Amino acid sequence: MTERATYFHRMRDLSRQVAEAYVEQRQRMEYPWLQEVSGPRFQAPNSSTNLKPETTKPETIKPETLLLEIGTEELPAGDLDDALAQLRELTPAHLSEARLDYESLRVLGTPRRLAVLIEGLAPRQRAVEEVVKGPPVHVAFDAAGRPTKAAQGFARKHGVSVDALEVREIDGGEYVVAIRREEGRPTVEVLTTLLPDLIAGLRFRKSMRWNESGVAFSRPIRHLVALLGDAVVPFQYASVLSGRTSRGSRPEGSPEFEIPRAEDYLELLARHHIVADPDERRMLIAERAAQLAQSVGGRIPDDPALLGEVTNLVEQPTPFLGHFEEKYLRLPAEVLVAVMKKHQRYFPIYQSPNHQSPNHQSPNHQPPNLLPYFIAVRNGGEEHLDIVRRGNEEVIRARFADADFFYREDTKKPLEEFLPRLATLTFQEQLGSMLDKTRRLEQLVPKLAEMLGLNAEETETALRAAHLCKADLATQMVVEFTSLQGVMGREYALKSGEAPAVAEAIFEHYLPRFADDALPRTRPGLVVGLANRLDSLVGLFAVGLAPTGSADPYHLRRDALGLVQNLIVHQLPFSVREGLAAAASLLPVEVSEDAWAAALDFIIERLRGILREQGFRYDVVDAVLAARGDDPFRAHQAIVQLSCWVTRDDWNRILDNYARCVRITRQFKERFPLDPARFVRPAEEELYAAYQKARAQVTPQSTVDEFLTAFVPLVDVIDRYFARESGVLVMAEDRALRENRLAQLQHIAALAEGIVDLSRLEGF
């Protein structure tokens with residue numbers, strides 16, 4: 001090392017010793033604990049606020065627990081889920097960006113509070129050190145070792161003294177470098193801005209503003225708790241000052257209580273009977289509800305959506321058992337369940353398979369029967385629970401009485417008589433009414449039935465079902481409970497004397513309605529549902545109502561997924577492209593080529609998502625969908641088969657020899673004519689004979705197995721064709737010879753057309 005470098009290393013060490021002594025002195029000092037924070041939405045308390053610091057806190061020297069609680073008015077169940085998910089993602093990101101280390105992090109929440117509890121939070125930010133490369137040593141210093149203007153300018157630019165510059169060897173040369181070290185600030189200082197930033201980062205589908213601060217949030221913020229250990233982290237957000245005061249549950253009168261230390265938070269909530277952990281609340285509700293159901297010989301059906309919603313509606317859960325009159329069991333079970341779930345968020349109780357009680361049998365239902373009980377969850381304790389139970393029983397009795405009235409009124413006339421009223425229900429302004437849609441389905445169903453190979457009886461059933469499938473939308477029951485569309489159509493069709501197969505197809509044409517829902521079992525039901533979905537997809541794309549990233553008001557994603565799933569499960573080859581064209585021809589609006597293509601692409605992308613979720617390789621999925629994306633069943637079949645081929649030991653050789661034929665010809669857009677009379681080498685004759693055998697076994701309708709099985713005998717032949725010993729030069733100088741050889745390879749490459757695009761596979 002040069003003398004100049006030694007000098008600067010000595011100066012660097014001296015500077016570092018001075019800096020370390022300074023830091024040690026600061027660690028013994030008390031830090032100012034209120035910081036000024038600017039911003040339109042939040043600010044640290046200052047002389048103009050009413051908040052006064054409890055004490056001036058010395059800097060923390062050991063890890064502490066941090067608590068942030070956002071106290072709100074009751075959050076909607078969906079917003080609570082969204083907020084918790086965002087906090088789980090945003091909190092670690094904010095801490096990482098702020099260089100704050102921690103041991104563990106929990107996100108908790110109830111309808112009235114969102115909480116983040118962080119244990120082992122470091123007392124300071126991590127220090128960062130950056131090495132900035134400067135000019136070469138011979139440029140930075142003159143012959144006498146004095147810094148030049150280049151060194152002085154470099155040091156000034158990076159905020160260090162010239163004496164602090166170091167010399168380091170970089171890429172074989174000696175350069176001056178500046179070491180920029182940023183010491184970590186005390187955690188409490190960082191949190192003063194980090195916590196309001198974290199709250200401001202929460203987003204909701206619908207927000208509101210409630211005071212002069214102009215802050216938007218799902219519901220008004222009523223209190224903020226921010227504690228680092230036993231000290232308040234001071235800030236202001238939405239005109240609310242942070243502190244240590246929280247509030248109990250609403251059933252107890254929302255009493256205020258102070259939290260001495262962040263570590264005391266969960267214990268204090270428990271004293272106020274608040275279960276802050278959503279998972280714990282969900283488990284408590286599920287276990288107690290199951291016990292109550294068992295007490296009357298019943299069981300709770302698995303319903304994660306209802307359980308999750310109820311979990312998010314209470315913070316002091318107390319499940320209880322209620323009863324209703326058995327006379328209402330004569331109504332369809334789906335009606336009773338819809339009333340319980342939609343209006344009251346009750347859990348229905350079904351008879352356990354091993355507990356057959358004749359008192360609860362109904363002639364209209366097969367076991368397991370719905371029992372005349374329900375489970376509700378009170379937000380509060382067990383005080384006066386009998387009064388609460390009676391009140392809920394009165395409410396459900398009134399709801400069931402309404403449903404019974406709707407049912408009796410609807411069944412006074414046959415289902416078909418509701419059809420004229422569909423003219424008053426708009427499907428979409430440009431696409432007409434629900435009656436117009438029904439008329440289109442009646443014309444589309446026979447076309448699809450022919451395409452899918454339905455027999456005469458199935459086609460007749462599908463036609464009748466198409467005629468009646470939307471009629472229940474005009475009934476009083478479905479107007480009140482839209483989730484019962486199809487369910488009531490089946491029920492009223494049977495009451496009207498329609499054939500059971502027609503009634504079942506009316507119900508099944510909506511299936512699946514949601515994830516993990518049942519799929520149609522009959523082909524008439526599937527065809528009517530297919531017609532319904534194709535009409536909606538191509539029609540709504542045609543009028544510019546394609547789904548966006550955040551909006552899908554007509555549930556077209558659900559329609560496309562259902563269409564794909566049904567065809568795969570029923571193993572029915574079907575061209576979605578042709579189906580869309582058939583549906584488009586019946587619409588009252590013109591369907592542009594772009595809209596039609598966009599609808600097809602939209603369906604193919606839903607198919608791609610399903611296949612990837614099933615675990616298939618992305619390149620295998622891409623290879624098949626490029627050729628057969630418009631036929632969901634045959635695409636799925638091809639992907640299953642190709643997935644087996646790509647795991648074979650000889651696959652690389654198979655793919656490589658096919659790829660050789662493609663690579664050498666894909667630059668030519670022209671398809672050259674093939675004339676066997678122009679062959680001049682035995683290898684050409686041999687390849688042509690092998691190709692003819694394969695061609696005789698393969699058509700665009702062949703399966704992947706059939707294509708690749710036919711291609712395998714070509715592999716060795718292609719090897720010999722391209723070997724030097726064959727004497728075949730594809731790109732021969734003679735044009736006629738060259739084009740004939742290219743034509744032969746084009747014909748081999750074309751064997752896969754309509755079946756699979758192997759060029760999309762890894763290793764091609």
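The values are calculated or read from the model by the stated rules, or taken from the named source; none is laboratory data. Fair warning: this is a prediction, and the values are worked out from it, not measured in the lab. Cβ placement follows ideal geometry from the backbone for every residue including glycine, while neighbour counts extend to all protein chains displayed.
What to note about this one:
- Single unsatisfied condition, F217 versus (1) at pLDDT below 95; (2) under 28 Å from the mean Cα position of the chain (by Cα); (3) not charged (D, E, K, R): (1)
- Q667 fulfils the conditions (1) under 15 Å from L655 (Cα atoms); (2) in a loop (DSSP other than H, G, I, E, B); (3) without any contact (Cβ under 8 Å) to a residue 12 or more places away in the chain except for a single criterion, (1).
- Of the criteria (1) among the aliphatic types (A, V, I, L, M); (2) in a helix (DSSP H, G or I); (3) more than 24 Å from T522 (Cβ to Cβ), which one A635 fails: (3)
- Odd one out for E394 among (1) surrounded by fewer than 16 Cβ atoms within 10 Å (Cβ to Cβ); (2) in contact with a helix residue (DSSP H, G or I) (Cβ under 9 Å, 6 or more places away or on another chain); (3) charged (D, E, K, R): (2)
- E189 being charged (D, E, K, R), modelled with pLDDT of 85 or more and under 30 Å from I118 (Cα atoms): yes
- Filter pass, E670 being more than 48 Å from the chain's Cα centre (by Cα), among the charged types (D, E, K, R) and either surrounded by fewer than 17 Cβ atoms within 10 Å (Cβ to Cβ) or outside the structural domain of C644 (by TED's automatic domain parsing) (or both): no
- Subset of segment 148-174 (residues that are surrounded by 13 or more Cβ atoms within 10 Å (Cβ to Cβ), more than 51 Å from the chain's Cα centre (by Cα) and in a strand (DSSP E or B)): E166, V167, E174
- Selection of segment 680-701 for residues being buried (at least 19 other Cβ atoms within 10 Å of the Cβ) and in a loop (DSSP other than H, G, I, E, B) yields only V698.
- Every residue from segment 501-521 that is surrounded by fewer than 18 Cβ atoms within 10 Å (Cβ to Cβ) and either β-branched (V, I, T) or on the phi > 0 side of the Ramachandran plot (or both): D516
- Within segment 193-211, considering residues that are over 22 Å from A127 (Cα atoms) and polar (S, T, N, Q), the one surrounded by the most Cβ atoms within 10 Å (Cβ to Cβ): S207
- Taking first residues from segment 675-686 that are assigned by TED's automatic domain parsing to the domain that holds A736 and farther than 15 Å from V730 by Cβ and partners that are among the aromatic types (F, W, Y) and surrounded by 12 or more Cβ atoms within 10 Å (Cβ to Cβ), the Cβ contacts under 6 Å between residues at least 6 apart in sequence or on separate chains come to P676/Y688; E685/F679.
- In segment 96-106, the residues that are in contact with a strand residue (DSSP E or B) (Cβ under 6 Å, 6 or more places away or on another chain) and either surrounded by 14 or more Cβ atoms within 10 Å (Cβ to Cβ) or not assigned by TED's automatic domain parsing to the domain that holds F217 (or both): Y102, L105, R106
Conditions tested, residue by residue: (1) in contact with a Cys (Cβ under 8 Å, 6 or more places away or on another chain); (2) modelled with pLDDT under 95; (3) among the basic types (K, R); (4) more than 21 Å from S246 (Cβ to Cβ).
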residue	(1), (2), (3), (4)
P92	no, no, no, yes
R99	no, yes, yes, yes
I118	no, no, no, no
V132	no, yes, no, yes
G153	no, yes, no, yes
R156	no, yes, yes, yes
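- Any hit, segment 545-568, residues being surrounded by 24 or more Cβ atoms within 10 Å (Cβ to Cβ), within 20 Å of M434 (Cβ to Cβ) and touching a His at 6+ places or on another chain (Cβ under 8 Å): no
- If you filter segment 523-552 down to residues that are among the small types (G, A, S) and either closer than 14 Å to L586 by Cβ or in a helix (DSSP H, G or I) (or both), you find that the one that is nearest to the chain's Cα centre (by Cα) is S536.
- Considering residues of segment 84-132 that are of a type in the set (V, I, T) and touching a residue at least 40 places away in the same chain (Cβ under 8 Å) only, the residue nearest to A226 (Cα to Cα): V116
- Qualifying positions in segment 400-418 - of a type outside the set (F, W, Y) and crowded, with 19+ Cβ neighbours inside 10 Å: A403, D410, L415
- The set of residues in segment 500-522 being outside any loop (DSSP other than H, G, I, E, B) and either farther than 23 Å from E416 by Cβ or outside the structural domain of A560 (by TED's automatic domain parsing) (or both) is empty.
- The residue that is surrounded by the most Cβ atoms within 10 Å (Cβ to Cβ), counting only those in segment 582-593 that are assigned to a helix (DSSP H, G or I) and touching a helix residue (DSSP H, G or I) at 6+ places or on another chain (Cβ under 7 Å), is A583.
- Lone unmet requirement of (1) surrounded by 19 or more Cβ atoms within 10 Å (Cβ to Cβ); (2) touching a Gly at 6+ places or on another chain (Cβ under 7 Å); (3) over 19 Å from D436 (Cβ atoms) for V576: (2)
- Single residue of D197, D171, D163, D142 found to be out of contact with any strand residue (DSSP E or B) (no Cβ under 7 Å at 6 or more places or on another chain), of a type outside the set (S, T, N, Q) and modelled with pLDDT of 95 or more: D197
Every residue, every condition in (1) surrounded by fewer than 22 Cβ atoms within 10 Å (Cβ to Cβ); (2) not in a loop (DSSP other than H, G, I, E, B), yes or no:
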site	(1), (2)
I179	yes, yes
L191	no, yes
S213	yes, no
S254	yes, no
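- Options D649, D631; residue that is acidic (D, E), farther than 27 Å from L742 by Cβ and buried (at least 20 other Cβ atoms within 10 Å of the Cβ): D631
- Annotation: P446 fulfils all but one of (1) surrounded by fewer than 21 Cβ atoms within 10 Å (Cβ to Cβ); (2) under 28 Å from F400 (Cα atoms); (3) without any contact (Cβ under 8 Å) to a residue 24 or more places away in the chain; the unmet one is (2).
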